[in-house]
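Written out below as structure tokens is the structure these notes cover.
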Protein chains: 2
Amino acid sequence: MKERGNLFILSGPSGVGKGTVRKELFKKNNNNLIYSISATTREPRFKEKDGVDYFFLSKNKFEEMINNGEFLEYAQYVDNYYGTPKSWIDKIRDEGKDVFVEIEVKGAMQVRSKVSDATFIFLLPPDLEQLKNRLILRGSESDEVINERLKTARQEIKMMTNYDYAVVNDKVELAVKKIQMIINTSRMKASRVAAEYIQILEE
Amino acid sequence: MKERGNLFILSGPSGVGKGTVRKELFKKNNNNLIYSISATTREPRFKEKDGVDYFFLSKNKFEEMINNGEFLEYAQYVDNYYGTPKSWIDKIRDEGKDVFVEIEVKGAMQVRSKVSDATFIFLLPPDLEQLKNRLILRGSESDEVINERLKTARQEIKMMTNYDYAVVNDKVELAVKKIQMIINTSRMKASRVAAEYIQILEE
């Protein structure tokens, strides 16, 4: 009896650098982590392979899957659909392997409403951290820029509370290290370790 | 508004090396972690200081505190009491600091029944890991020693499932590193990070 693998969702405000962090994480993938391949209706670009870069689907097929509730989340950009197929992720998790998804905030909230046992990681803009330091160092400045920034900061903090973990993307290397730490810690969960032993002892 | 500090409980079968791991963890304490001082009715030994090594209490005082429910857990060995005072830990946690307790399995289970938001770490005997490897490598040996060991292993695994995390104590250094990882990951919890930002933005 292997415990079900974990599902990690990396998300954050647009422009925070989710893609860069995710690519760096998988570049040195000694994590035993499976990257969740998205489905899309757009045409494959040069060298892109079906089942590697994306699952390339027809619009009809994609819409059929939407109607059957086969996506953990999906969105439409311009004329094309992008989505995360549920069955593929379930299959990997059932094999006891961990899956990693990188998606927009809206998509993450769709997953949140459908999956109760995923781990949600929010990538924080470094300027939120800088704002914090500025406020600490200089006291209560109150120019327009700061006020505008404070407004955005409050929105980002509100978003953050829908997640399990928050990681500042001040340096990509550091953010990747922290995400690896979250992943490694989840693998020390007693239920997971116990399941491994039980499996071996019973074989 | 600072989020309440975490309470980490390190425990495990007797003889597993809890004390050694805990001492090593605090030797290089760059963790901002507060070690929970136990209370006892035994006499201070050479160089031991009240409020540093132990809270040294009279038997009357200790029993009064038991009756008032002032211990998270306590036990009696020979003629003396040993226990973990609740109010001291609550005070530190309310200041937003993390507290670390190292106790016997029975004590940990007492804490489990009283504190809902603590993090329980089970230290696994390395021979459980060795048993696993032996079973993997040699198939199903079935001499008496292995069977006896299997019985103990099953008890240990059963204990483990009452904890949040399980860490193998194969090498002290490595076990310490893993415990630090669990502590650091808990500090990336979104609720905690958000609370920090909210505190700063509102000041």
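Computed from the coordinates by the stated procedures, all read-outs in this text should not be read as laboratory data. These numbers were taken from a predicted model, which means no experiment stands behind them. Here the Cβ is made from the backbone with ideal geometry for all residues, glycine too, and neighbour counts use every protein chain on show.
Given the rule -39500 (n - 2.57) for each run of at least 4 DSSP H residues, summed and divided by the residues of the protein assembly as shown, what is its mean residue ellipticity at 222 nm, to the nearest 500 deg cm²/dmol?
Mean residue ellipticity at 222 nm (helix-derived): -14500 deg cm²/dmol.
Per q in 0.12, 0.14 Å⁻¹, report the Debye log10 I(q)/I(0) for the stretch B:1-81, using one uniform scatterer on each alpha carbon and no solvent.
-0.47, -0.64
Using a label point 7 angstrom from Cα along Cα-to-C-beta, what distances in nm, from shortest up, separate A:Lys2 from the other copies?
Reported distances to equivalent positions: 4.4 nm.
Taking a label point 7 Å out from Cα toward Cβ, give me the nm distances from B:Gly69 to the same spot in the other copies, shortest first, one decimal.
Counterpart label points of B:Gly69 in the remaining copies fall at 4.4 nm.
With a 10 Å cut-off between alpha carbons and a GNM built on chain B, which of B:Gly51, B:Gly107, B:Gly19 moves the most?
In the Gaussian network model the winner is B:Gly51.
In square nanometres and to one decimal, what's the mean projected area of the convex hull around the Cα atoms of the protein assembly as shown? Walk me through the numbers before you get to the answer.
Numbers: hull surface 105.8 nm².
Projected over every direction and averaged, the Cα hull of the protein assembly as shown covers 26.4 nm².
Estimate the FRET efficiency between B:Glu64 and A:Arg42 by the formula 1/(1 + (r/R0)^6), using the beta-carbon distance for r and 56 Å for R0, to the nearest 0.05. Don't skip to the answer; put the middle values down first.
Values: r = 73 Å, r/R0 = 1.31.
Efficiency computed from Cβ-Cβ geometry: 0.15.
Treating the point 7 Å from Cα along Cα-beta-carbon as the label, what are the nm separations from A:Lys27 to the other copies, to one decimal?
3.6
At a 10 Å Cβ-Cβ cut-off, how would you order B:Ser116, A:Ser58, fewest neighbours first? Could you put the intermediate results ahead of the total?
Numbers: B:Ser116 6, A:Ser58 9.
Ranked by crowding around the Cβ, least crowded first: B:Ser116, A:Ser58.
Quick one: A:Arg192, A:Arg45, fewest Cβ neighbours within 10 Å first, how do they rank? Please list the in-between numbers first.
Values: A:Arg192 18, A:Arg45 8.
Least to most surrounded, the residues fall as A:Arg45, A:Arg192.
Fewest first, what order do A:Glu102, A:Glu64 take by the number of other Cβ atoms within 10 Å?
Details: A:Glu102 24, A:Glu64 12.
In order of increasing Cβ crowding within 10 Å: A:Glu64, A:Glu102.
Taking loop as defined by DSSP and a crowding limit of 12 other beta carbons within 10 Å, which chymotrypsin sites (Phe, Trp or Tyr not before Pro) in the stretch A:41-92 fit?
On the way: sites: A:Phe46, A:Tyr54, A:Phe55, A:Phe56, A:Phe62, A:Phe71, A:Tyr74, A:Tyr77, A:Tyr81, A:Tyr82, A:Trp88; in loops: A:Phe46.
Here the chymotrypsin sites (Phe, Trp or Tyr not before Pro) that fit, given the DSSP loop and packing criteria, are A:Phe46.
Among the residues of chain A, which one places its Cβ closest to the rotation axis that maps chain A onto chain B, and what is that distance in whole Å?
A:Thr185, 2
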